[in-house]
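Below is one structure, written out as structure tokens, with a few remarks after it.
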Amino acid sequence: MITQTRKRRVKLYKDRLNILLDLAQTINEDHSVESLLAEFEILLREELDVGKVLVYTCSDGVWHNLLISGVRPEEVKGIDVERDLMKYQAIENITLSPPEQLRGFDAIIPLFHRFRSIGYLLIGDVDEDYKGISPTIKHLKLIQIIANLIIVFIENKRMQQALLEQEVMRKELELASRIQNQLIPGPADLPSHKNLSIHTIYQPHLGVGGDYYDFLQISRNTIGFCVGDVSGKGIAAALLMSNFQAVIHSVFSARMNLKKLVHQLNRRVNESANNEKFITLFIGKYNLLTRKLSYINAGHLPPLLYDARKGGIFSLDKGCIGLGMLDEIPAIEVGRLTIPQGSKLLAFTDGLVELERGDEVTNGQLSLEKILSSPVSMAENIVEIKAYIQEHMSRKSIFDDISVIGMEF
């Protein structure tokens, strides 16, 4: 014979099962987070006579309120999750002796997922006039299960959205990388002349970067060239450098005085970067007939010139401060020299020589000088430099974009 107590127990289990089935259906139908929370609030307030609902969740290490219902702002303001709630590892009925900060609440329900604390649910103003044990108190475990399911669903939803955003960003970076690579001269775009051999390396650290090199045939016998580096990395640096390249192509000519050119470039960088970024630049003109090189080094790492006749290496360091550092560049010194036959010039960005070793950044320029001074062609030097780059990439010591220009006269 089925007793009344057993009947009530069976009905209670059926009610709980129906609630869970309804919730599972709502989740499977992929309702919005807002509609799911609204149903949860209705369940607590209308079915279980809960007057106050306060739900905390943790995202990226920060606790925030997911749901507030029937709770005054001053009650929320007085609660510190880490101080007041994280000590609770199980459901706690605090009706009779609530902590000072939690007065007005009847129960604390911790929420876990894979043994990790993911949230806390506070409920208050339960139906205390009910004869016997309040239904709310009897359903605390059910409320915990439902709240856990909802928060895990919301977290999964957030992670899914984050993955979608990462995929969109990845595709945007791929597109930006392809566009930027089209702006950087490839082997077929480099000037060709019997008296000059040119080789280059371009390797952005994050798909896109702020490094840049270029060659322009600015007259029949004169080649213009440059290598530059925007402060910072990523999309912002790449956009500024792309804009800078367009400016150089529009103003760099055989008739343009290098000092005037650099002043003009400085103004354009200030207009584009809004004093938030700057560009270091080595820019030069080389006459193929007279072998004369004029250049300005605007705050860039000095290129290395190997003088085959003297067997020594010299730095090309005459110039000025970087572009965009000041509204007006106070002084510019133009470097001028005649390049000895058989000499080699190596210009590069700091990503090639600044190497991470533990917590320190070391300088690899001596290795480059050793490569450059070897009595082989620039083509062979570039092969050695590529091997040098691969070696340090395998050690994870390279952390910046790399651009290299190698010229053999």
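Quick rundown of the values:
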quantity: Unmet requirement for Val334, which otherwise passes all of (1) within 30 Å of Asn243 (Cβ to Cβ); (2) under 34 Å from the mean Cα position of the chain (by Cα); calculated: (2)
quantity: Some residue of the stretch 278-297 being at pLDDT below 85 and not in a helix (DSSP H, G or I); calculated: no
quantity: Every residue from the stretch 127-175 that is surrounded by 17 or more Cβ atoms within 10 Å (Cβ to Cβ) and at pLDDT below 65; calculated: Ser134, Thr136, Ile137
quantity: Scan of the stretch 333-363 for residues that are of a type outside the set (S, T, N, Q), within 26 Å of Lys292 (Cα to Cα), open to solvent by 20 Å² or more (accessible area, probe 1.4 Å) and not in a strand (DSSP E or B), ordered by number; calculated: Glu333, Val334, Gly342
quantity: The lone exception for Leu366 - which of (1) in a helix (DSSP H, G or I); (2) touching a strand residue (DSSP E or B) at 6+ places or on another chain (Cβ under 9 Å); (3) open to solvent by 50 Å² or more (accessible area, probe 1.4 Å) it fails; calculated: (2)
quantity: Selection from the stretch 200-223 of residues that are open to solvent by less than 10 Å² (accessible area, probe 1.4 Å) and closer than 23 Å to Ala237 by Cβ; calculated: Val208, Gly209, Gly210, Asp211, Tyr212, Tyr213, Asp214
quantity: Which numbered condition Val361 misses (of (1) more than 22 Å from Ser197 (Cα to Cα); (2) in contact with a His (Cβ under 9 Å, 6 or more places away or on another chain)); calculated: (2)
quantity: Any hit, the stretch 103-112, residues being of a type in the set (Phe, Trp, Tyr), touching a helix residue (DSSP H, G or I) at 6+ places or on another chain (Cβ under 9 Å) and either at pLDDT 85 or above or more than 21 Å from Phe153 (Cβ to Cβ) (or both); calculated: yes
quantity: Qualifying position, being surrounded by 19 or more Cβ atoms within 10 Å (Cβ to Cβ) and closer than 29 Å to Met378 by Cα, among Leu301, Leu288; calculated: Leu301
quantity: Lone unmet requirement of (1) under 25 Å from Asp317 (Cα atoms); (2) in contact with a Leu (Cβ under 7 Å, 6 or more places away or on another chain) for Ala347; calculated: (2)
quantity: Qualifying residue in the stretch 74-91 (condition: over 37 Å from the mean Cα position of the chain (by Cα) and crowded, with 20+ Cβ neighbours inside 10 Å); calculated: no
quantity: Extreme residue, surrounded by the most Cβ atoms within 10 Å (Cβ to Cβ), among residues of the stretch 224-262 that are outside any loop (DSSP other than H, G, I, E, B) and of a type in the set (D, E, K, R); calculated: Asp229
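Residue by residue, here is whether (1) more than 29 Å from Ser374 (Cβ to Cβ); (2) in contact with a Lys or Arg (Cβ under 7 Å, 6 or more places away or on another chain); (3) without any contact (Cβ under 8 Å) to a residue 12 or more places away in the chain holds:
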{"site": "Arg255", "(1), (2), (3)": "yes, no, yes"}
{"site": "Leu261", "(1), (2), (3)": "yes, no, no"}
{"site": "Asn275", "(1), (2), (3)": "yes, no, no"}
{"site": "Thr280", "(1), (2), (3)": "no, no, no"}
{"site": "Gly311", "(1), (2), (3)": "no, no, no"}
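The values are calculated or read from the model by the stated rules, or taken from the named source; none is laboratory data. These numbers were taken from a predicted model, which means no experiment stands behind them. Quick reminder, even Gly has a Cβ in these numbers, built from the backbone with ideal geometry, and neighbours come from all protein chains shown. Areas reflect the complete protein model, heavy atoms only, side chains present, ligands, DNA and RNA absent. Shrake-Rupley method; radii C 1.70, N 1.55, O 1.52, S 1.80 Å.
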